[in-house]
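Each remark here refers to the structure printed beneath this line.
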Amino acid sequence: MKKKLYEIVYEDKDLIIVNKSAGLLVTADRWDSEAPRLDKILEEALLKKEQGSKICNSKIYPVHRLDKDTSGLIIYALNAEAHKILNDDFQNRKIEKIYHAVSAGCPREENFKTDAKLRIDGDKMHRTLIDEKKGKDSLTEFYLLKKLSRFSLLEARPITGRTHQIRAHLKHLGLPILCDSLYGNGEPVYISALKKNWRGDKYEERPIISRLALHAHSLKFFHPISREKIEVSADYPKDMAGLINQLSKL
C-alpha cells in the first residue's frame, strides 16, 4: 500500500494547510534538487482540480518551513496578498506554532525554556550551534506533557524561527529528540531495546520509529484576508503514536 504523503486539513482561495508525512521536503532543497517536494506535489494536484473549485490558481507560496524528517502541519499561501501578510505575521510572531517531541531523558521542571543563541549552518554537518557571541537571539518554551519512563513527551513552542531551533535547543538542554541523526544518536527505536523480557525474533524485528520524533502538532493564527481566527491540529502519524504507546507501557 502506497504511503500517503499529505492530508489537507484546511483550504480556501487564499491559503492551504497540510499535514505532511515525515521524509518529504516542503520546498526546494539546495542539497538535493531532484528530491520529491510537497509544494510541487500540491501545485500539480491543484492544477488538476476542476474549474469553479475553491482554489482559483495552482501557484503555491511557501511562508514557513518544516524539516524533511518532521511530520505535521505546514501553511502555504495561494496568492501574493495572502503570502505577504502571512510572511509579516510569521516575522512579527503572530502565528503560534506548537510541536510535540519525544526526547531522551526527563526535564527537572514541567515548564521550562531556553534563550540560548543559535548560529545557523555552524559546522561541516550544517548543524545549528549554540553560540552566545555570534549566534542570533532565539527562544523556545517547553512543557512536559508526559513522562515515559526514561523518556519524555514534550510540547515545544518556538517563539523565534531559527533553523533546527527545537532540535538544537533540546540537545543543549540534554534532552535530544529520539532518532535525531544530527543532534542525537540517530538510532531507530526497537521494542527489544526497551523491554528486557522481549522474546521476539531480533532478525525480523522492525523499529517502532526510525525518523526524527518531532511533529508539528497545531497552528493558531488569524486568516490573512478575513482575519478570522484559525486553529488546526494534526494527529500523530502511526510511527510516533506507536512510539508513545510503547513507551507508556514501560
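The values are calculated or read from the model by the stated rules, or taken from the named source; none is laboratory data. Every value quoted in this text rests on a predicted model; they were computed, and no experiment measured them. Note that each Cβ is placed from the backbone with ideal geometry, even for glycine, and that neighbours are counted across all protein chains shown.
I'd like the residue in the stretch 127-152 that is over 21 Å from ARG93 (Cβ atoms) and without any contact (Cβ under 8 Å) to a residue 40 or more places away in the chain and, out of all such residues, is surrounded by the fewest Cβ atoms within 10 Å (Cβ to Cβ).
Step one: of the stretch 127-152, the residues over 21 Å from ARG93 (Cβ atoms) are 127, 129-134, 144-152.
Filter once more, keeping what is without any contact (Cβ under 8 Å) to a residue 40 or more places away in the chain: 129, 131-134, 144.
Details: LEU129: 19, ASP131: 14, GLU132: 9, LYS133: 6, LYS134: 10, LEU144: 17.
Checked the stretch 127-152; the qualifying residue surrounded by the fewest Cβ atoms within 10 Å (Cβ to Cβ) is LYS133.
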Task: Counted residues, the stretch 99-114 - those being part of a loop (DSSP other than H, G, I, E, B) and surrounded by 14 or more Cβ atoms within 10 Å (Cβ to Cβ) - done: 2
Open item on the list: Which of the numbered conditions does VAL189 fail, given that it passes all the others? Conditions: (1) in contact (Cβ under 8 Å) with a residue 40 or more places away in the chain; (2) under 15 Å from THR70 (Cβ atoms).
Closed with: (2)
TODO: Could you identify the single residue in ARG206, ARG227 that is surrounded by fewer than 20 Cβ atoms within 10 Å (Cβ to Cβ) and closer than 27 Å to LEU78 by Cβ?
DONE: ARG227
Open item on the list: Please go through (1) in a loop (DSSP other than H, G, I, E, B); (2) of a type in the set (S, T, N, Q); (3) crowded, with 16+ Cβ neighbours inside 10 Å for THR160 and return the number of the only condition it doesn't satisfy.
Closed with: (3)
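Within the stretch 189-223, restricting attention to residues that are touching a strand residue (DSSP E or B) at 6+ places or on another chain (Cβ under 7 Å) and not in a strand (DSSP E or B), which residue is nearest to LYS249 (Cα to Cα)? Give the steps one after another, and end with the answer.
Taking the stretch 189-223 first, the residues touching a strand residue (DSSP E or B) at 6+ places or on another chain (Cβ under 7 Å) are 189, 207-209, 212-223.
Going one step further and asking which of them are not in a strand (DSSP E or B), we end up with 207-208, 212-213, 223.
Values: PRO207: 16, ILE208: 14, LEU212: 21, ALA213: 18, HIS223: 41 Å.
Residue satisfying both the conditions and the ranking: ILE208.
Considering only residues that are in contact with a Leu (Cβ under 8 Å, 6 or more places away or on another chain) and free of Cβ contacts under 8 Å to residues at least 60 places away in the same chain, which ones fall in the stretch 13-31?
Restricting attention to the stretch 13-31, the residues satisfying the condition of being in contact with a Leu (Cβ under 8 Å, 6 or more places away or on another chain) are 13-22, 24-27.
Residues satisfying the conditions are VAL18, LYS20, LEU24, LEU25, VAL26, THR27.
Per-residue answers, yes or no, for (1) modelled with pLDDT of 95 or more; (2) surrounded by fewer than 19 Cβ atoms within 10 Å (Cβ to Cβ); (3) among the acidic types (Asp, Glu):
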{"residue": "VAL18", "(1), (2), (3)": "yes, no, no"}
{"residue": "GLY23", "(1), (2), (3)": "no, yes, no"}
{"residue": "ASP39", "(1), (2), (3)": "no, yes, yes"}
{"residue": "LYS59", "(1), (2), (3)": "no, yes, no"}
{"residue": "ASP89", "(1), (2), (3)": "yes, yes, yes"}
{"residue": "LYS97", "(1), (2), (3)": "yes, no, no"}
Open item on the list: Based on this model, can you work out whether LEU73 counts as in a helix (DSSP H, G or I) and either on the phi < 0 side of the Ramachandran plot or at pLDDT 95 or above (or both)?
Closed with: no
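Taking into account only those residues within the stretch 64-82 that are more than 23 Å from LYS4 (Cα to Cα) and touching a residue at least 24 places away in the same chain (Cβ under 8 Å), which is surrounded by the most Cβ atoms within 10 Å (Cβ to Cβ)? Lay out the reasoning, then the answer.
Narrowing the stretch 64-82 to residues more than 23 Å from LYS4 (Cα to Cα): 79-82.
Still in the list and also touching a residue at least 24 places away in the same chain (Cβ under 8 Å): 79, 81-82.
Working: ASN79: 16, GLU81: 12, ALA82: 21.
If we take residues in the stretch 64-82 being more than 23 Å from LYS4 (Cα to Cα) and touching a residue at least 24 places away in the same chain (Cβ under 8 Å), then ALA82 is surrounded by the most Cβ atoms within 10 Å (Cβ to Cβ).
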